[in-house]
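One structure below.
The values are calculated or read from the model by the stated rules, or taken from the named source; none is laboratory data. Predicted, not measured: the structure shown is a model, and the values here were computed from it. All Cβ positions, even for glycine, are placed from backbone atoms using ideal geometry, and neighbour counts span all protein chains on display. Note: accessible area is taken over every heavy atom of the protein model, side chains too, but ligands, DNA and RNA are not part of it. Shrake-Rupley method; radii C 1.70, N 1.55, O 1.52, S 1.80 Å.
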Amino acid sequence: LFIESYLTTGRITNIARVMSCHPKYMKIFQETHNQLFYGPGLLPHHWRHYIAILAASRHNCLYMMQLHAEAFRLYQRDIHWLKGLSNASQKLINFEDLLNRLTYQPWTIQKEHIDELVVGESAWSISELVQAVVIVSHVVSVVGFYYGCGIHDEIDFKDGHTYSEMAANGKNDEDNLVHAMNQTKKKLDITDEEKRQKLLAVMSEYKSLQERHELLSEDKVLEEIELFFRQEKDTKISIIDNFMDNRSIEQSTDFAKLSLEDRQQMALRTQEFSWEDQGFSVVSRYYNDIIELLDEKFRIIYNLTYNKMGDTTNTDTKVLRTAVWNYIQMMKGVWDDYLYTSINKLVATDFKQYIKMVACKPEKTSQYLFHSGVYLYNGSEQVHLNLLFLESRNQAQLLHALRAIMQHSLA
């Protein structure tokens with residue numbers, strides 16, 4: 001896998017090194033990534049990398065921006081576009097609003113946003129649009145993985161990524177910094193036996209919830225969702241600089257903070273539009289080159305398990321994996337038939353804060369949030385969880401955009 005990565009991109013990225021502890025997923029991820037940026041498609045290759053630069057800039061991810069700026073230069077000698085979006089094609093400028101919505105508020109994407117992009121002198125074709133949407137969703141989700149795992153920049157890049165020295169409430173003052181350091185130390189000082197007992201307690205809760213699992217009626221689903229939201233607490237959470245001022249709609253990135261009426265109106269229900277039934281079909285129609293890879297990638301990470309947690313083997317982790325997946329999709333406005341109140345029993349508050357930050361505002365992920373959120377899990381499990389975050393967010397964003405595209409096509 002490393003050889004293939006090197007032959008394709010000329011380097012083995014730090015993201016690939018971290019991801020390699022799960023080779024089954026890494027293989028399909030690498031194939032999908034290469035297909036997106038180097039395979040066939042209507043969008044020129046330098047456009048794909050430019051769209052990736054724009055997407056990474058939404059979360060201030062200099063690392064990903066530099067990777068794609070480097071690739072952009074290989075395909076396009078005129079680097080005028082790198083001076084900012086205003087210097088690029090009008091077609092890309094028109095795409096910015098959809099890009100912002102997809103990144104920050106995918107639940108706001110409507111058919112009208114697609115209608116606006118496919119008319120006029122700088123019109124997009126639907127096939128081009130689907131390809132661009134898949135690229136954006138892929139990149140911003142990988143950015144979450146980069147921040148969530150605390151990955152360093154490549155050795156030849158300017159500056160390296162470090163977690164910001166701040167407490168979970170976002171303040172920088174000395175008292176809060178000392179508090180954060182002390183709390184992190186307490187988490188790290190936990191003995192192996194204490195960690196084992198905590199994991200056993202969590203697994204006991206998993207088994208209890210597995211026995212209670214049932215098919216839920218639509219009224220029960222809505223009841224579960226609203227009860228969960230009432231219980232949910234707020235999460236306190238170079239040339240590339242030319243792209244940092246283009247984020248025009250970064251308001252709340254948390255679906256949970258919307259009013260009850262807005263949540264009911266904007267939510268995407270998987271009974272009406274799911275990846276397996278409708279999403280797969282839309283991508284297959286307009287971007288057939290990527291669909292099998294994309295679908296397999298979702299299936300592999302959703303089902304990936306080593307049947308262990310910490311040092312405990314023969315453990316069914318499906319309940320935890322499903323809870324994490326559904327929690328992130330709920331934060332992105334996608335609702336399923338699921339017992340949502342079980343999330344609060346399965347996922348500790350610190351862990352939830354970490355998940356929400358990585359999925360919604362990854363650039364604000366702190367060292368304190370990382371250690372307090374996933375200290376019970378070993379390194380491989382921490383990476384596994386972040387891969388779940390990545391693909392759950394990716395699929396949720398795609399579902400909102402693909403639903404709007406399907407509605408446009410059927411109009």
Take the conditions hydrophobic (A, V, I, L, M, F, W, C) and buried (at least 24 other Cβ atoms within 10 Å of the Cβ) and apply them to A401. Does it pass?
yes
Got a sec? Which of T313, T317 is open to solvent by 30 Å² or more (accessible area, probe 1.4 Å) and either farther than 23 Å from V142 by Cα or in contact with a Pro (Cβ under 8 Å, 6 or more places away or on another chain) (or both)?
T313
Inspect all residues belonging to region 329-340 and state whether any of them is on the phi > 0 side of the Ramachandran plot, not in a helix (DSSP H, G or I) and not charged (D, E, K, R).
yes
Could you tell me which residue of region 77-96 is nearest to I328 (Cα to Cα), considering only residues that are part of a helix (DSSP H, G or I) and modelled with pLDDT under 95?
L85
Of the residues V119, V143, which is open to solvent by less than 30 Å² (accessible area, probe 1.4 Å), assigned by the TED database to the domain that holds Y50 and not charged (D, E, K, R)?
V143
Contact list please: Cβ distance under 8 Å, first residue in region 347-359 and open to solvent by 10 Å² or more (accessible area, probe 1.4 Å), second residue aromatic (F, W, Y) and part of a helix (DSSP H, G or I), pairs at least six apart or on different chains.
K352/Y327
Determine, yes or no, whether L385 is touching an Asp or Glu at 6+ places or on another chain (Cβ under 8 Å), open to solvent by 10 Å² or more (accessible area, probe 1.4 Å), among the hydrophobic types (A, V, I, L, M, F, W, C) and assigned to a helix (DSSP H, G or I).
no
Restricting attention to region 1-30, report how many residues are open to solvent by 40 Å² or more (accessible area, probe 1.4 Å) and in a helix (DSSP H, G or I).
12
Is it fair to say M330 is over 27 Å from T313 (Cα atoms), out of contact with any Ser or Thr (no Cβ under 6 Å at 6 or more places or on another chain) and among the aliphatic types (A, V, I, L, M)?
yes
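Rundown of residues vs (1) crowded, with 18+ Cβ neighbours inside 10 Å; (2) assigned to a helix (DSSP H, G or I); (3) at pLDDT 90 or above, yes/no style:
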site	(1), (2), (3)
D241	no, yes, no
I249	no, no, no
Q264	no, yes, no
F280	no, yes, yes
R285	no, yes, yes
L294	yes, yes, yes
I301	yes, yes, yes
R321	yes, yes, yes
Within region 31-54, tally of residues that are among the small types (G, A, S) and either assigned to a loop (DSSP other than H, G, I, E, B) or open to solvent by 10 Å² or more (accessible area, probe 1.4 Å) (or both)
2
Is region 55-71 home to any residue that is open to solvent by 40 Å² or more (accessible area, probe 1.4 Å), of a type in the set (S, T, N, Q) and farther than 27 Å from I114 by Cβ?
yes
